[in-house]
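*Asks:* Could you have a look at this structure, given as structure tokens, before my questions?
The values are calculated or read from the model by the stated rules, or taken from the named source; none is laboratory data. On a predicted model such as this, the values are computed, not experimentally measured, just so you know. Calculation scope for accessible area: heavy atoms of the full protein, side chains included, ligands and nucleic acids excluded. Shrake-Rupley method; radii C 1.70, N 1.55, O 1.52, S 1.80 Å.
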Amino acid sequence: MTDVLNLVALLLVAGAATAAVAQRDPARQALVLSVLGVLLSVLFTVLQAPDVGLSQLAVGAALTPLLIMLSVRKIRRRGRDRDGAR
């Protein structure tokens, strides 16, 4: 049973990582990266490393995608401001 759970978690992580790379829009990449962070935290928990899973959940699923989304938002605003000034 544990081997099946490990395999399913690994396949889900591989699928989410592939989906993150395949996205072209940075906002969508950040959302898929958040899902990848959640799946990685599940994988770490399944592999009996719950402390690493909690750290991954905080950093990989919440903080990093949030910083990416804020950066994308700021860059897009800056681009609109420059286009409006011309």
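*Asks:* With every protein chain kept in place and ligands, DNA and RNA left out, what is the accessible area per residue of the chain? Probe 1.4 Å, answer in Å². Mind dumping the intermediate values first?
*Replies:* Details: 6310 Å² over 86 residues.
Using a 1.4 Å probe on heavy atoms only, each residue of the chain averages 73 Å².
*Asks:* By Kyte-Doolittle mean hydropathy of at least 1.0 and Cα axial length of at least 24 Å, which whole DSSP H helices of the chain are selected?
*Replies:* What comes out of the filter, once short or polar helices are dropped, is 2-22, 26-46.
*Asks:* Shifting gears a bit: Residue separation times 0.36 nm, minus the C-alpha to C-alpha distance between residue 6 and residue 77: what's the value?
*Replies:* The span from residue 6 to residue 77 would gain 21.3 nm if fully extended.
*Asks:* Next question. Report the extension gain between residue 59 and residue 22 in nm, rounded to one decimal, defined as 0.36 nm multiplied by the number of residues separating them, less their alpha carbon distance.
*Replies:* Between residue 59 and residue 22, full extension yields an extra 11.1 nm.
*Asks:* Using a probe of 1.4 angstrom, how much of the accessible area of the chain is carbon and sulfur, in percent?
*Replies:* The value for the chain is 66 percent carbon and sulfur by accessible area.
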